[in-house]
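Engineer: The structure under discussion is supplied below as structure tokens; questions concerning it will follow.
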Amino acid sequence: MSATFTKSMARNVFYGGGVFFFLLFLALTFDTMKVLPKRDNSQNITPAVAHGKKLWETNNCIGCHTLLGEGAYFAPELGNVYVRRGPDFIKAWIKGQPTGVPGRRQMPQFNLSDMDIDDLIAFLKYASEINTNKWPPNIEG
Amino acid sequence: MEAQSPFTTLIEISNYQSTTGKKNLPGDFALWIFIFAEMLVFGVLFVAYAFTRAYHVELFNESQLTLSRTSGAINTLVLITSSYFVVNGVSAIKQGLSKQCGYWLIGAFLLGGIFIIIKILEFHAKYAADISMSTNAFYMFYLSLTFFHFMHVLMGMIILAFIIFKVLNDGYSAKDYVGVETGASFWHMVDFLWIILFPLVYIIR
Amino acid sequence: MKYTSQAVAKPYFIAAIALFLGQILFGLIMGLQYVVGDFLFPAIPFNVARMVHTNLLIVWLLFGFMGASYYLIPEESETELFSPKLAITTFWVFLAAGAITVLGYLLVPYASLAKWTGNDLLNTMGREFLEQPLPTKVGIVLVALSWLFNITMTMLKGRKTAISLILTLGMLGLAVFFLFSFYNPVNLVKDKFYWWWVVHLWVEGVWELILGAMLAFVLIKVTGVDREVIEKWLYVIITMTLVTGIIGTGHHYYWIGTPAYWQWWGSIFSALEPIPFFMMTVFAFNMVNKRRREHPNKAAVLWALGTSVVAFLGAGVWGFLHTLAPINYYAHGTQLTAAHGHLAFYGAYALVVITMISYAMPILRGRAANPERAQIMEMWSFWLMTVSMFFIALLLTGAGVVQIWLQRISTTPMSFMAVQDSISIFYWAREAAGVVFLIGLLLYIGSFFVKGESRAIE
């Protein structure tokens, strides 16, 4: 071995380094899972919330909105919409879609029952009470 | 192109080494790139610690008192001694003394084990006191830094174990000892980081 | 080509480009909907267009990766592909599944699609990028396994090079991490946490192994630089990728309910994520400068160098722009994210697949390189697409900065929709850049049909 920069050592460092940092990531994940119950508002997950989350998903709300900042950036952030608008406004809004104003972005009519909408709102309420390290910066999301 | 980017410099160093055979860094250059990256991460963490501390001096001073300086100091001695063992191991293999090299490295490995045990006791004490990374900024840094370093010690021990195994089976010689030097470089880095970490986190107020 | 079974790559490449075109068309629809809100409503609402846009991206890149590996692995392993038949079957299955899924998105209300495809059995749908119905998700796993199996078996019976090992490892990671798409707990924080194990660990982890392997392969071929040198640096670069990228996942864990320490871990490690991309740029240019042969395929060299530069800009620089927690606090979930996403995906993944296609396709068609005129057309398409994508990124960055200012920093914050109205000029310009991009892509497709004298394979 005359060369002091070898492919075999580069390979060893790759495998070693990759495994090392993945294990570190697992350790941090382990700690995160332990801490989560204090932050994730999971004590308030009711059957209504669970059903609301399912409605959120099966109507592909994330395709336009963001939730805790993740999703599409086409329509408003909904992680704090419960606080921003309140349940009555949300209900009326969902029912009133689409607005049909020419040239404006349109939200489809999803034909949800009153109970469905209540569950969706329960989900949004639950989401708004997750400890997000004070994000978003203000009520506008 | 790229008159003198850091990376071009790296390539030049490596070319210099492999073409001239002269060495300005012991061991394999591939690991040195890794070491540079690690030092960078630790460096940033140390600076981040210092800055955060400047904003929360009282909190840091108060929480720092709960650390066991004694175990930190013992561990410092343990690691410095282990580095000394590793140095002796490297010079043994340069003279072709595989057995001696193996024994020195086994010594270093065992010292690493002692470090691990002491560190686990420290972690356990904090865990028992219900202290975690989420407790406050000081503990966030203390646990992050020491755990990250702890994993490096484990990694270093695994590397030493491989080298010990190989050297005792006459896998290295007076002509071919780059592998030993490479492992030694990693171990010295681990030691070096602790020598900064210990005063920074345990002592400086 | 050296091995006849490499020919199975051809349909994969063709499908990749066709789906790429589809992706861009839907991108243009969305871009227009940003400013003319009711465009194509209610036939194609924005969420549907976006689903098609992003899913097509993923699928065409996967087609590209698969085609690339079916081309590359036999040559690296110096043996015929284990089963060309399986590769072709997998192609048709994947294409059919992809087509049916997209048609499902377009023709059926998403909620009904969910109901009919067994989403009640196992909720996996309705999460960004993972919108696929359950059968499609299972199909993706099967396709990935078939691909992995075929490649691994080929490698086992032949030469094992670093490039093929890294590529296979990347594919294995791709398959393994996709399994997290089946885990969707009611707990929103956990849902998001593991969602990133698919999304982040794909694009800033295992996909980069695939990217690195593909780029290294093409560089060896077009520069003639010693394999030892290229593979050595490939290892070093992907080591840095994993060192920074795995813990770098933390930059997604700042504001989704996960502990605050991720702000430190995520910021520090992801701040270093540009390093491997920078290394890749310098590496690619170094290798081309040290070339030992003048490969007749100049276009492929341009695509390869372009990949390394735009990946660095898009993933490295634009990622860094908003990765530090204090900045991300304001930038999170704005058009800045979209700017980064576009340039990074284009630079790192779209370009590397085109690099591979551009290098391999002429050979699959029986010549070392395309005729001069075709190559010039390709180069035009490179510059049109790259410059227009750069403009898209710049314009969305502008939109994002104004958005952050008006909505989040100003003492009298404006509402989301009011802000959107006030930045519509950026969106109009973005749409124009998008049209230029489309022209570039059409030129690229056109270059395949240019006839002329071309050099035969030596």
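Engineer: If one computes the Cα centroid of region C:422-449 and of region C:146-217, what distance in Å separates the two points?
Structural biologist: Each part's Cα centre sits 31 Å from the other's.
Engineer: Also, I was wondering about something else. Pairs C:K10/C:K115; A:K7/C:K221; A:K38/C:K137; B:K126/C:K192; A:K34/A:K91; A:K53/B:K126: which are spaced more than 28 Å apart, C-alpha to C-alpha?
Structural biologist: In this structure, C:K10/C:K115; A:K38/C:K137; B:K126/C:K192; A:K34/A:K91; A:K53/B:K126 exceed 28 Å between Cα atoms.
Engineer: Among A:L78, C:A9, A:Q106, which residue has its Cα furthest toward the positive end of the charge dipole of the protein assembly as shown, with +1 on Lys/Arg Cβ and -1 on Asp/Glu Cβ?
Structural biologist: In the protein assembly as shown, that residue is C:A9.
Engineer: Same structure, new question: Using a 1.4 Å probe and counting only protein heavy atoms, arrange C:H200, C:H340 so the residue with the most accessible area comes first.
Structural biologist: Listed by decreasing accessible area, they come as C:H340, C:H200.
Engineer: If you don't mind, there's one more thing I want to ask. Pick from A:S113, A:S128, A:S42: which residue has the top mean-square fluctuation in a GNM of chain A where Cα pairs under 10 Å get a spring?
Structural biologist: So, out of A:S113, A:S128, A:S42, the one fluctuating most is A:S113.
Engineer: Could you work out the local net charge near A:S113, counting Lys and Arg as +1, Asp and Glu as -1, over the other residues with Cβ closer than 12 Å to its Cβ?
Structural biologist: Its environment carries a net charge of -2.
Engineer: Right, next: Going by a ≥ b ≥ c, the root eigenvalues of the Cα gyration tensor, does the protein assembly as shown fall in the rounded group (a/c under 1.5), the prolate group (a/b larger than b/c) or the oblate group?
Structural biologist: Cα axes put the protein assembly as shown in the oblate bin.
Engineer: Rounded to the nearest Å, what's the spacing between the alpha carbon centres of region A:6-52 and region A:64-141? Just the number, please.
Structural biologist: 29 Å
Engineer: Please give the peptides C:209-215, C:150-156, C:274-280 ranked by average Cβ packing (other Cβ atoms within 10 Å per residue), highest first, as a rough proxy for protection.
Structural biologist: C:209-215, C:274-280, C:150-156
Engineer: Now for a separate question. Calculated from DSSP H runs of 4 or more alone, at -39500 (n - 2.57) each and per residue, what is the 222 nm mean residue ellipticity of chain C, nearest 500?
Structural biologist: -23500 deg cm²/dmol
Engineer: Can I ask one more? Let me check something: with ligands and nucleic acids excluded, how do A:C61, B:C101 order by accessible area (1.4 Å probe), largest to smallest?
Structural biologist: From most accessible down to least: A:C61, B:C101.
Engineer: Turning to a different aspect of this structure: Taking a probe of 1.4 angstrom, what is the accessible area of B:R53 in Å², to the nearest 10?
Structural biologist: In the full protein context, B:R53 sits at about 40 Å².
Engineer: So, one more: Can you spot the aspartates and glutamates whose alpha carbon is less than 19 Å from B:K175's alpha carbon? Ignore those fewer than 8 places along the same chain.
Structural biologist: Straight-distance partners of B:K175: B:D28.
Engineer: While we're here: Is there a simple number for the mean count of other chain Cβ atoms within 10 Å of the Cβ of residues in C:259-272, and what is it?
Structural biologist: 6
Engineer: Am I reading the B/C interface right? What is its buried accessible area, both sides, 1.4 Å probe, to the nearest 100 Å²?
Structural biologist: 2000 Å²
Engineer: Using heavy-atom solvent-accessible surface (probe 1.4 Å) with all chains present, what is the largest-first order of C:W383, C:W318?
Structural biologist: Output order, biggest surface exposure first: C:W383, C:W318.
Engineer: Still on this model: Compute, for region C:1-113, the length of the dipole vector about the Cα centre, with Cβ point charges of +1 (Lys, Arg) and -1 (Asp, Glu) only. Units Debye, rounded to 20.
Structural biologist: 200 debye
Engineer: Roughly how many Å² of B:R205 are accessible to a 1.4 Å probe, to the nearest 10?
Structural biologist: Its heavy atoms expose roughly 120 Å² to the probe.
Engineer: On to the next question. What shape does region B:8-203 take by its C-alpha gyration tensor, where a ≥ b ≥ c are the square roots of the eigenvalues and a/c under 1.5 counts as rounded, a/b above b/c as prolate, and the rest as oblate?
Structural biologist: Verdict is oblate for region B:8-203.
Engineer: To the nearest 20 debye, what charge dipole does the protein assembly as shown have about its Cα centre, counting +1 at the Cβ of each Lys and Arg and -1 at the Cβ of each Asp and Glu?
Structural biologist: Computed about the Cα centre, the dipole is about 980 debye.
Engineer: Please report how far the C-alpha centroid of region C:259-301 lies from that of region C:366-389, rounded to the nearest whole angstrom.
Structural biologist: Region C:259-301 and region C:366-389 have Cα centres spaced 23 Å from each other.
Engineer: By its C-alpha gyration tensor, with a ≥ b ≥ c as the square roots of the eigenvalues, how is chain C shaped: rounded for a/c under 1.5, else prolate for a/b larger than b/c, else oblate?
Structural biologist: Here chain C falls in the rounded category.
Engineer: Using a simple charge model, +1 on the beta-carbon of Lys and Arg, -1 on the beta-carbon of Asp and Glu, nothing else, what dipole does chain C show about its Cα centre, in debye to the nearest 20?
Structural biologist: 700 debye
Engineer: Heavy atoms only, probe 1.4 Å: what % of the accessible area of the protein assembly as shown goes to carbon and sulfur, would you let me know?
Structural biologist: 70 percent
Engineer: Using only atoms on other chains, find how many Cβ atoms lie within 10 Å of each Cβ of peptide B:36-47 and report the average.
Structural biologist: So the per-residue partner count for this stretch is 3.
Engineer: Next up: Between chains A and C, what is the buried accessible area summed over both chains (1.4 Å probe, protein heavy atoms, nearest 100 Å²)?
Structural biologist: What A and C bury together is about 6800 Å².
Engineer: What number, in percent, do you get for the relative contact order of chain C if the mean sequence gap of Cα pairs under 8 Å and at least 6 apart is divided by its residue count?
Structural biologist: Relative contact order comes out at 15 percent.
Engineer: Got a sec? Which residues of region A:92-141 lose 50 Å² or more of accessible surface with every protein chain in place, vs. that chain alone, 1.4 Å probe?
Structural biologist: Output list: A:G103, A:R104, A:R105, A:Q106, A:N133, A:W135, A:P137, A:N138, A:E140.
Engineer: Skip the ligands, DNA and RNA, and give the accessible area per residue of the protein assembly as shown with a 1.4 Å probe, whole Å².
Structural biologist: Here the residues of the protein assembly as shown average 38 Å² of exposed surface.
Engineer: When the helices in chain B are scored as -39500 (n - 2.57) per DSSP H run of 4 or longer and the sum is shared across all residues, what 222 nm value do you end up with, to the nearest 500 deg cm²/dmol?
Structural biologist: -27000 deg cm²/dmol
Engineer: Filter C:K2/C:K290; C:K85/C:K232; C:K232/C:K298 down to the pairs with a C-alpha to C-alpha distance above 32 Å, please.
Structural biologist: Distance filter (> 32 Å) returns C:K85/C:K232.
Engineer: Same structure, new question: Could you work out the local net charge near C:G319, counting Lys and Arg as +1, Asp and Glu as -1, over the other residues with Cβ closer than 11 Å to its Cβ?
Structural biologist: Local charge sum for C:G319: -2.
Engineer: For the protein assembly as shown, build the charge dipole from Cβ charges (+1 Lys, Arg; -1 Asp, Glu) around the Cα centre, then report which of B:S173, A:L23, C:V176 sits farthest towards its positive end.
Structural biologist: B:S173
Engineer: I would also like to ask the following. Once you list every other residue whose beta carbon is under 13 Å from the beta carbon of B:H188, what net charge do they have if Lys and Arg are +1 and Asp and Glu are -1?
Structural biologist: Net local charge, B:H188 excluded: -3.
Engineer: 5 Å is the cut-off here: which amide hydrogens, built 1.01 Å from N in the peptide plane, fall below it relative to A:N41, excluding neighbours closer than 5 in sequence?
Structural biologist: Distant-sequence amide H within range of A:N41: A:N131.
The values are calculated or read from the model by the stated rules, or taken from the named source; none is laboratory data. In this text, all values refer to a predicted model and were calculated from it rather than measured experimentally. Note that we place each Cβ from the backbone using ideal geometry, even for glycine, and neighbour counts take in every protein chain shown. Each accessible area value is taken on the protein alone, full model and side chains, heavy atoms only, with ligands, DNA and RNA left out. Shrake-Rupley method; radii C 1.70, N 1.55, O 1.52, S 1.80 Å.
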